[in-house]
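Student: One structure follows; several queries about it will come next.
The values are calculated or read from the model by the stated rules, or taken from the named source; none is laboratory data. These numbers come from a predicted model, not from an experiment. Virtual Cβ from ideal backbone geometry, glycine too; neighbours counted across all protein chains shown. With ligands, DNA and RNA removed, areas are computed over all heavy atoms of the protein, side chains included. Shrake-Rupley method; radii C 1.70, N 1.55, O 1.52, S 1.80 Å.
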Amino acid sequence: MKKIDKPSTNDSSLVSNKSSRRDFFRKAAVYSASAVAASSLLSPVKLLAEGKDDEFIMEEQPWATSLGYELNKNPYGVPSPYEHNVVRRTTPLLSSAGDMHAAVSLTPLQDLKGIITPNGLFFTRTHNGVARIDYNKHRLMIHGMVKKPIVLTMDEIKRYPSESVIHFLECPSNGAAEWKTPQFDSLQFVKGMMSCTEWTGVRLKTILEDVGVDPKALWMLAEGGDGSSMSRTVPVEKVMDDAMIVYAMNGEALREEQGYPVRLLLPGWEANLCVKWLKRLEFGDKPWYCKEETSKYTTLLPTGKAIQHFYPLEVNSIITSPCPEKPWTDLKKGDIVEIEGLAWSGKGTITHVDISFDGGKNWVEAKLKGLVLPKAWTRFSYIYKYEGKELMLESRATDDSGDTQPTVNQEKKIMGVEGVYHRNSINTWYVKANGEVHNAQMRS
Amino acid sequence: MLKCVHKTISVGVATLVLTSISAFAFDGKKDAVDGGMTYPRKDGVYTAYRYNDQKVPPISFGRKATPNELKAWNTDIMPDGTGLPKGKGTVGEGDELFEEQCAVCHGDFGAGGLGYPTLTGGDIASLTNQRTPGKTDAPKRTIGTYWPKASTLLWYIHDAMPYAHPKSLTWDETYAITAYLLATNEIQLDGKDMDDDTVLSNENFLKIKMPNEKGFIPNIDGPNGVKNVKAFLSDGKNIGAVGVRCMKDCKDDGAKLVVVKDPRTDVTPPFAEVKDLPKKKDNSVKPGQEEYEKSCAVCHGNDKMGAPDVGNKEAWAKVMKKGIDKVLATAIKGTGAMPPRGGSSYSDEKLKQIIEYMYSKSK
């Protein structure tokens, strides 16, 4: 394992000088070691014992004794190859027969910092593959119960005054594999069907002032331009509150997986409602009963009735450090360590996050840090003195609408275990005495 | 719900001093349609954001949609029959079409089993099934037991199916497939069972009675539809929003630690947190590969669909024994569930490349 800690020498893709034969073999050794290690997790790099000289300090390293690569090698920059394991992941469980046209890829939350998800790591859910739309040929039509039905090109949409807002998007199936029992031992697969981005676009209200929506219109149909013509019905009340159509994320055009060139953004609501590849908005006085608000995206209760039009992602939180991927196995008793995590609510703004070490019996309040914004990821932090003891570590968020995350049992009592969507009960990480972290639940 | 927060009690180290909620929350009000907060937009300030509040007249971009454009795109179908297109088809015609174009994913009679949605079978009583310990029967969510509206079926099949070639069915074909699916689900038309000769058309479509039409809450129909949703979502008891911010000696009756057992590892790429250099691999795209992935992999990518699956040495040896020219001719013509050229418009030359690529991955 020690080999992996050591950065490889003279990787030809990074450094412009020629590799020697000896370097080649050293590199090969590193590669084969990583192939073995790839299936497991690696402890953080450790220094040699007190008083022993570190070879990476004592010896000049190749990156300090050679020319680096030319700065224009990547006109569009890419992460360091050392970060190649920080990627979205998929599983056949969350697909049809392993088919990756109608499936979901999950964000590696364990490796993210702050509240912004890099565009290439944004979770993705599609129903008929990722549509590749020609920007120049894309049109948005707004019609139905309006004074003036219009069509817009992308360039015209971008002429409207723009706004930028930070909001999370979450698939209502986030954590759906865990209703009955914990199934994954991974933060990425327990909570990775969500991401948070700075979106730029135009408030729908701004466009609608010109179009003139009939005051009797109650509903808006949003339809996508992909193969499945993904569509949903949205109440006009939400449209007039904070709905946007967005064409940029984190400063650049939407990624195709996120609906290039334009998608609907309904802050705080099911990501499925934020229709991608948006081509049509129709206003009416009756709901449409789209496929994805009837046969799917409805929450079956133990009574046999199902909740339809279940819009907001409710208050939620997860500890991101430690987590199964980032355990505490390298800590010694007495070490000071930061417990960190994410909290979010589609119904408002996070006001409190509490931490429990004993599976929810007793709680202490964590600190919120960084930006605290409505319907956005909010970071929390708690500084902890590691004791090398077994823990049942939990976080529990509260929002300004007054909602607090329920326990698994509280949620289960009302929602049952077959509802698929909108699971937001408290998550437990079981921290073993040796610092390993495993996914768990407190439930009966 | 405000009282929830004020219920907060003392914590071991210090008693929490609770600031009023609005101080945290940008003067929000709990009056959103989803039961959550709305925040004022005033004087160029919206929560933590500034915005441009210059007074401007309504901005007018784009142009009026033409009647033909509206007709071309306004193809949705509503439960009350709005948008129902002219057309007709029989259950028998639908049976043939289903077998040709749908069964490959949805199974014979739509009975599932291939990893794609199951369309038929089960009964409404199963919807109360809960797979709690010791109980293994799942609720069955099919057209007959779950879907509330027949209009959804017709609209969705036309717009989104067949999966690999959406929008390729005529309205007559769509009516026929819909009729077949209703019949296999034992759904009645105008109070009568449907048989092979039953014709479904825009004339009688509204006479379909969906068994689980009343299975959904809240009621979203009528002028109070949105109000009903708002009232429903605003009551935490309806949606499991019943958490309490207890801080000390909190009770959770019967709750025990359940740690993940035999966690799933079938993920791609495999779990890894190592900071090392990636293994060198051949990233070059082979001729035919891109087209294979786009148009052929849906059926040939796994062994469930009955098509020779890529990677299956035996299956492909058998295929290629006929010689590339014969295989190409079959691909051009289509065979069994495979439409001509796999539903694509690739040239003969491109098809040959694709076949050779598929074979190369199956040696």
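Student: Given a Förster radius of 30 Å and the C-beta distance between A:Lys369 and A:Ser164 as r, what FRET efficiency does 1/(1 + (r/R0)^6) yield to the nearest 0.05?
Tutor: On the way: r = 22 Å, r/R0 = 0.72.
E between A:Lys369 and A:Ser164, to the nearest 0.05, is 0.90.
Student: In nm, to one decimal, how far is the modelled label at B:Asp108 from the one at A:Lys216, with both set 7 Å along Cα→Cβ?
Tutor: So the label points at B:Asp108 and A:Lys216 sit 5.3 nm apart.
Student: While we're looking at this one, here's another question. Quick one: with all protein chains in place, what share of the accessible area of region B:86-154 is carbon or sulfur, to the nearest percent (1.4 Å probe)? Don't jump to the answer; show the numbers that get you there.
Tutor: Details: 1620 of 3140 Å².
Solvent-exposed carbon and sulfur of region B:86-154 make up 52 percent of the total.
Student: Among B:Lys322, B:Lys333, B:Lys214, which one moves the most in a GNM of chain B with springs linking Cα atoms closer than 10 Å?
Tutor: B:Lys322
Student: Then there is this: How much net charge surrounds B:Leu328 when only the other residues with a Cβ under 9 Å from the Cβ of B:Leu328 are counted, with Lys and Arg +1 and Asp and Glu -1? Could the numbers behind the result be given before it?
Tutor: Values: positive: B:Lys326, B:Lys352; negative: B:Asp325, B:Asp348.
Surrounding charge for B:Leu328 is 0.
Student: Shifting gears a bit: Please enumerate, by chain and number, the lysines with C-alpha under 22 Å from the C-alpha of A:Lys412, excluding those fewer than 8 residues away in the same chain.
Tutor: List returned: A:Lys180, A:Lys191, A:Lys296, A:Lys305, A:Lys347, A:Lys361, B:Lys135, B:Lys140, B:Lys237, B:Lys251, B:Lys256, B:Lys261.
Student: Also, quick follow-up: Which whole number gives the average count of other chain Cβ atoms within 10 Å of the Cβ atoms across peptide A:191-199?
Tutor: Numbers: counts 0, 0, 0, 0, 0, 0, 0, 0, 0.
Partner-chain Cβ atoms within 10 Å, mean over residues of A:191-199: 0.
Student: Only protein chains counted, 1.4 angstrom probe. Which residues of region A:339-354 are at least 40 Å² less accessible in the assembly than when their chain is isolated?
Tutor: For region A:339-354, once contacts with the other chains are taken into account, A:Lys347, A:Thr351, A:His352 lose 40 Å² or more.
Student: Right, something else. By its C-alpha gyration tensor, with a ≥ b ≥ c as the square roots of the eigenvalues, how is chain A shaped: rounded for a/c under 1.5, else prolate for a/b larger than b/c, else oblate? Don't skip to the end; give the middle numbers.
Tutor: Numbers: a/c = 2.20, a/b = 1.39, b/c = 1.58.
Oblate.
Student: What FRET efficiency comes out for B:Tyr51 versus B:Ile324 if R0 is 56 angstrom and r is the Cβ-Cβ distance? Round to the nearest 0.05.
Tutor: Once the sixth-power term is evaluated, E becomes 0.30.
Student: So how strong a dipole does chain A carry about its Cα centre when Lys and Arg Cβ are +1 and Asp and Glu Cβ are -1, to the nearest 20 debye? Kindly include the intermediate steps, with their values, before the conclusion.
Tutor: Numbers: 55 positive and 55 negative charges, 151 e Å.
Around 720 debye, computed over chain A.
Student: Identify which of B:Asp123, B:Asp172, B:Asp53 has the largest mean-square fluctuation in a Gaussian network model of chain B, with springs joining Cα atoms closer than 10 Å.
Tutor: B:Asp53
Student: Using a 1.4 Å probe over the heavy atoms of the protein chains, calculate the carbon and sulfur portion of the accessible area of region A:316-440 as a whole percent. Don't skip to the end; give the middle numbers.
Tutor: Working: 1880 of 3530 Å².
So the carbon and sulfur contribution to the accessible surface is 53 percent.
Student: For region A:424-444, which residues drop by 10 square angstrom or more in accessible area between the chain on its own and all protein chains together (1.4 Å probe)?
Tutor: Residues meeting the cut-off: A:Tyr430, A:His438, A:Asn439, A:Ala440, A:Gln441, A:Met442, A:Arg443, A:Ser444.
Student: Under a Cβ-Cβ cut-off of 14 Å, what is the net charge of the residues other than A:Thr206 that fall near it, where Lys and Arg count +1 and Asp and Glu count -1?
Tutor: Local net charge: -1.
Student: Something else: Taking chain B as the reference, fit the longest principal axis to its C-alpha atoms, fit the long axis of helix B:171-184 to the helix C-alpha atoms, and give the angle between the two in degrees, 0 to 90, nearest 10.
Tutor: In chain B, helix B:171-184 runs at an angle near 70 degrees to the longest axis.
Student: Find the accessible area per residue for chain A; the probe is 1.4 Å, ligands and nucleic acids are left out, and the unit is Å². Numbers along the way, then the final one.
Tutor: Numbers: 16070 Å² over 444 residues.
Value for chain A: 36 Å² per residue.
Student: Report the gain in length on full extension from B:Lys350 to B:Ala72: 0.36 nm times residue separation, minus Cα-Cα distance, nm rounded to one decimal.
Tutor: On the way: separation 278, 0.36 × 278 = 100.08 nm, distance 3.24 nm.
Extending this stretch completely gives an extra 96.8 nm.
Student: Let me ask something additional. Give a quick list of GluC sites (Glu not before Pro) in region B:231-299 that DSSP marks as loop, anything other than H, G, I, E or B, with at most 11 other Cβ atoms within 10 Å. Show your work: numbers first, answer last.
Tutor: Details: sites: B:Glu273, B:Glu290, B:Glu291, B:Glu293; in loops: B:Glu273.
Sites meeting the loop and neighbour criteria: none at all.
Student: Using a 1.4 Å probe on the heavy atoms of the protein chains only, list every residue of region A:140-159 that has 20 Å² or more less accessible area in the complete assembly than in its chain alone.
Tutor: A:Met141, A:His143, A:Lys148, A:Pro149, A:Ile150, A:Val151, A:Glu156, A:Arg159
Student: Looking at A:Phe357, A:Tyr247, A:Gln410, which one has the Cα that reaches farthest to the positive end of the dipole of chain A (charges on Cβ: Lys, Arg +1; Asp, Glu -1)?
Tutor: So the residue furthest toward the plus end is A:Tyr247.
Student: While we're on this one: If one takes the accessible area of chain B alone plus chain A alone and subtracts that of the pair, with a 1.4 Å probe, what total in Å², rounded to the nearest 100, results? Spell out each step's value before the answer.
Tutor: Numbers: alone 26360 and 21920 Å², together 36160 Å².
Roughly 12100 Å² of accessible surface disappears when B and A pair.
Student: Give the distance, in whole Å, between the Cα centre of region A:252-288 and the Cα centre of region A:116-176.
Tutor: A separation of 5 Å, based on Cα centres.
Student: Mind giving me the nanometre distance, one decimal, between the label points for A:Glu60 and B:Asp253, set 7 Å out from Cα along Cα→Cβ?
Tutor: Modelled inter-label distance: 7.4 nm.
Student: Let me ask another. Each label point is 7 Å from the Cα along the Cα-to-Cβ direction; what then is the distance between the points at B:Glu96 and B:Lys363, in nm?
Tutor: That separation, rounded to one decimal, is 4.3 nm.
Student: Per residue, how large is the accessible surface of chain B? Use a 1.4 angstrom probe and give square angstrom.
Tutor: Working: 20090 Å² over 363 residues.
Roughly 55 Å² per residue, with all protein chains present.
Student: Another question, then. Select from B:Lys29, B:Lys279, B:Lys318 the residue whose mean-square fluctuation is largest in a Gaussian network model of chain B (Cα-Cα springs shorter than 10 Å).
Tutor: Residue with maximal mean-square fluctuation among B:Lys29, B:Lys279, B:Lys318: B:Lys279.
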